[in-house]
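Engineer: For reference, the structure I am asking about is given below.
The values are calculated or read from the model by the stated rules, or taken from the named source; none is laboratory data. None of the values given here were measured: they were computed from a predicted structure. All Cβ positions, even for glycine, are placed from backbone atoms using ideal geometry, and neighbour counts span all protein chains on display. The protein model used for the area step is the full one, side chains on, heavy atoms only, and it has no ligands, DNA or RNA in it. Shrake-Rupley method; radii C 1.70, N 1.55, O 1.52, S 1.80 Å.
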Amino acid sequence: MKILAIETSADDTGLCVIETNGVWGAPNFSCTVLVDLRAAQTAHAAYGGIFPTVAKREHAEALPRLFEEVRSFLENLDAVAVTVGPGIEPCLWQGIEFAKKIAAEYRVSILPIHHMEGHLLMPLYHEGTFSAPRFPAIVLLISGGHTELILMRAWGAYEYLGRTRDDAAGEAFDKVARMLSLPYPGGPHIARLAEKARTEKISQSLVLPRPMMHEKNYDFSFAGLKTAVLRYIEAHPLQSLDRERVAREFEDAVSDCLVYKTRRALEEYGAETLIVGGGVSANTHLRCTLTEASKKIGVEIFLCNPKDSGDNALMIAFAAAFRGGRHEYADASSIVANGKMKLC
Ligand code: KG4
Ligand code: ZN
């Protein structure tokens, strides 16, 4: 099956073409990436977050430009896949309208895709091969808009265990970065400062809270942590060492909360596998602590290559390969954007 996939849910425009062989989940399933293009928008750095009207305009500009680069790969196209939610609705619509146009031009059907299912499947792909996880699996999805723990008992069988009650993990990274005068997106900048604090063994005088960590549920809360950082900054005029201290303690606090509850979910549900997806899963410290925790309890962990953890069309193409295998095509006229779309 040859699939063109389109991703425009936030501030990255992605277009890619893959060719799949075999049945999804079967050992003979394989996937060739013919082309994978990504255009990250830079205009948002100055706003400290995504500015929807700017993002929408940039998608409108990038889509036809990227499409010209993938056109030569579209011979014998079978389907067009497009992210329909969750995300920023005006941005999602840009991708959807574009998908409808291309599907009509090539006379193929459309596969409407859930963005988070893309993040969930991406870690299973490594250099041309797709691994089938052993079930039950626990899935930790951590991005700019979402922080979710999901129980996955089979392909496509999802059960929410918990989610953030306020800010998403990535959002907290971005907001704290802004407090420290670091550019957007802030995650990688915080991670860099935190790493410096660790390697240079900068003394740690700050202790931040681990909200909800010991509560007997699988929910998260990062708004209080962010406020604690703000209070600290207000009380201590920031010197250079302090930025590193704050970054490190903040990163530790977020990791502790995520790892603690993920580990508890793995144990409670007797999981065989841990899948970690979303932009925040690029975080080195978190990757190490999650890997260590998985090893300790004998669970196989799937993390994506950090370059693929953020938004891209490849993950949408994989979700489309899965949904296409189940013939979950939709009539073009019925496809709408759903900014708050649920996975289950
Ligand atoms: O999945 P993603 O690309 O977009 C959404 O679907 O939201 O995630 C973006 C988020 C941003 O909040 C960004 O700061 C965060 O991922 N991020 C990181 C790192 N790299 C990206 N957070 C912590 N550490 C990183 N290394
Ligand atoms: Zn995303």
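Engineer: Just to verify a result, which residue in segment 273-312, among those that are over 18 Å from TYR218 (Cβ atoms) and assigned to a loop (DSSP other than H, G, I, E, B), is farthest from the chain's Cα centre (by Cα)?
Structural biologist: Applying the filter and picking the extreme gives GLY298.
Engineer: Something else about it: How many residues are surrounded by fewer than 24 Cβ atoms within 10 Å (Cβ to Cβ), touching a strand residue (DSSP E or B) at 6+ places or on another chain (Cβ under 7 Å) and not in a helix (DSSP H, G or I) if we restrict to segment 90-111?
Structural biologist: The qualifying residues number 2.
Engineer: Among helices (runs of 4 or more DSSP H) lying entirely in segment 181-272, which contain 2 or more residues that are touching a residue at least 60 places away in the same chain (Cβ under 8 Å) and touching a strand residue (DSSP E or B) at 6+ places or on another chain (Cβ under 7 Å)?
Structural biologist: Where helices (runs of 4 or more DSSP H) fall fully within segment 181-272 and carry at least 2 residues being touching a residue at least 60 places away in the same chain (Cβ under 8 Å) and touching a strand residue (DSSP E or B) at 6+ places or on another chain (Cβ under 7 Å), they are 240-268.
Engineer: If you don't mind, another one. Pairs, please: C-beta under 7 Å, at least 6 apart or cross-chain, first residue closer than 21 Å to GLU97 by Cα and in segment 40-66, second surrounded by fewer than 15 Cβ atoms within 10 Å (Cβ to Cβ)?
Structural biologist: VAL54/ALA43; GLU58/ALA43
Engineer: Follow-up. Would you tally the residues in segment 117-164 being part of a loop (DSSP other than H, G, I, E, B), small (Gly, Ala, Ser) and under 20 Å from ALA313 (Cα atoms)?
Structural biologist: Total satisfying the criteria: 6.
Engineer: Further question on the same structure: Give me the pairs: first residue in segment 72-98 and over 23 Å from GLU58 (Cα atoms), second residue polar (S, T, N, Q) and surrounded by fewer than 23 Cβ atoms within 10 Å (Cβ to Cβ), beta-carbon distance under 9 Å, and six or more apart or on different chains, which are they?
Structural biologist: Partner pairs satisfying both residue conditions: ASP78/SER109; ALA79/SER109.
Engineer: For segment 138-166, enumerate the residues that are more than 15 Å from the chain's Cα centre (by Cα) and within 15 Å of ligand 1 (Cβ to nearest atom).
Structural biologist: The one that is more than 15 Å from the chain's Cα centre (by Cα) and within 15 Å of ligand 1 (Cβ to nearest atom): ASP166.
Engineer: Also: Can you tell which of ARG57, ARG38 is modelled with pLDDT of 95 or more, open to solvent by 80 Å² or more (accessible area, probe 1.4 Å), at negative phi and in a helix (DSSP H, G or I)?
Structural biologist: ARG57
Engineer: Still on this structure, I have one more. Any idea how many residues of segment 246-292 are away from ligand 1 (no atom under 12 Å from the Cβ), out of contact with any Lys or Arg (no Cβ under 8 Å at 6 or more places or on another chain) and either of a type in the set (S, T, N, Q) or at pLDDT below 95 (or both)?
Structural biologist: 3
Engineer: A further question on this structure: Could you figure out which of (1) surrounded by 15 or more Cβ atoms within 10 Å (Cβ to Cβ); (2) more than 25 Å from GLY25 (Cβ to Cβ); (3) in contact with a strand residue (DSSP E or B) (Cβ under 9 Å, 6 or more places away or on another chain) isn't true of MET341?
Structural biologist: (2)
Engineer: Pairs, please: C-beta under 6 Å, at least 6 apart or cross-chain, first residue farther than 17 Å from GLY279 by Cβ and among the small types (Gly, Ala, Ser) and in segment 136-152, second at pLDDT 95 or above and surrounded by fewer than 23 Cβ atoms within 10 Å (Cβ to Cβ)?
Structural biologist: Cβ pairs passing all conditions: ALA137/MET152; ALA137/THR273.
Engineer: Still on this structure, I have one more. Checking the structure you have, find out if any residue of segment 143-150 is small (Gly, Ala, Ser), in contact with a Phe, Trp or Tyr (Cβ under 7 Å, 6 or more places away or on another chain) and at negative phi.
Structural biologist: Within segment 143-150 (the criterion being small (Gly, Ala, Ser), in contact with a Phe, Trp or Tyr (Cβ under 7 Å, 6 or more places away or on another chain) and at negative phi), the answer is no, since none of the residues qualifies.
Engineer: Now for a separate question. Determine whether GLY187 is within 16 Å of ligand 2 (Cβ to nearest atom) and under 30 Å from ARG326 (Cβ atoms).
Structural biologist: Here the answer is no, as GLY187 does not meet what is asked.
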